Amino acid sequence: MTAAGPFRPVELDQQRWVPTVSLPAHEVPTPAPCEQIPSSLARFPGQKDFLCTLAAQRWCRRLEPWKDGDTDGQLQALAQRLGTESYRWRLLDLWQACLATHENIGQFVGTVIRDLDDRHSAKLGSNLPGRVVGLSALAYTYFHRPLIVTEWSLEDVRDLMRSLEDGGLAVPSNVFLIEVVGNWLLPLAAARLGADRFSEWFHLPLGWYYGRARRFVIRLGLHKPVNFGEQQGLLEWMETLCRTSECNSCPVTGAVSGL
């Protein structure tokens, strides 16, 4: 039998005719056991512990980039939280040019915003200025008082944003601040000071409920994550274990199949 062929009769021994059909040119993957019978995941009582273990694995990997980075490298990582590549490098250039010349955080942030407005006024999204304000304020504080930032919590960042808002500046949403604290500030603090900030990181409020995590939860019949750490555990699960080739390493497969 050929892998593919025209849908027309083929002569066989000059007397009989057999039909042919087109077959897929690539191998169709077999669904993992947990996807074949997702309702069985209700019998997986260790979901919360499993997510915590995966979150701890993700936390350890998050610490590595911060252990030996210099100030410029860490400011660059903070600029990446903006997520918009067209402004990321401009923002970093502005920080490096202005951080050492401003002694007042309000003046520094105002300079950054005005420069971006002058150059990109037609392209700035409605929520981008607030994000730039928040990231610039953290960059300024880290540059001038790095030890202060490494001791901060989410509430300290919120307090800083409130002071900027009182000064008339737009600030990012609380959801965005949670992501910045979880992805930048707490890993940086733990790596630089050797402090254990995992529990604080794990129990951050749930910010964005990522679409891919939501679809994963629905498809497998899991419980919705209740905090930042559980969602991080879900993302780790999806990225490291949720492949058919890794099924033997996943305890959920055993729970589903009864092994």
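Since every read-out is calculated from the coordinates, none of them should be taken as a lab result. Here the structure is a predicted model, which is why all the values come from computation and not from measurement. For neighbour counting, all protein chains shown are included, and Cβ atoms are generated from backbone atoms with ideal geometry for every residue, glycine included.
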Point to revise | Overall form of region 136-202 per C-alpha gyration tensor (a/c, 1.5; a/b vs b/c) | key: oblate
Review point. How would you rank TRP89, TRP95, going from fewest to most other Cβ atoms within 10 Å of each one's own Cβ?
Key: TRP89, TRP95
Check your understanding: Where Lys and Arg each count +1 and Asp and Glu each count -1, what net charge lies around TRP152 among other residues with Cβ under 11 Å from its Cβ?
Key -> -2
Point to revise | Rule-of-thumb Rg ratio for region 42-242 [Cα; 2.2 N^0.38 Å; N residues] | key: 1.09
Practice item. Have a look at region 45-98 and give its Rg and Dmax from the Cα atoms, expressed in angstrom. Key: 16.2, 54
Review point. By how many nm would the segment from GLU239 to ARG219 grow when fully extended, if each residue of separation counts as 0.36 nm and the alpha-carbon distance is taken off?
Key: 5.6 nm
Review point. If you count, for each residue, the other Cβ atoms within 10 Å and average over each peptide, how do 63-73, 147-157, 181-191 line up from highest to lowest?
Key: 181-191, 147-157, 63-73
Revision key, fill the gap. So for R0 = 22 Å, FRET eff. of GLU85-ASP115 from the Cβ-Cβ r, to 0.05, ends up at 0.80
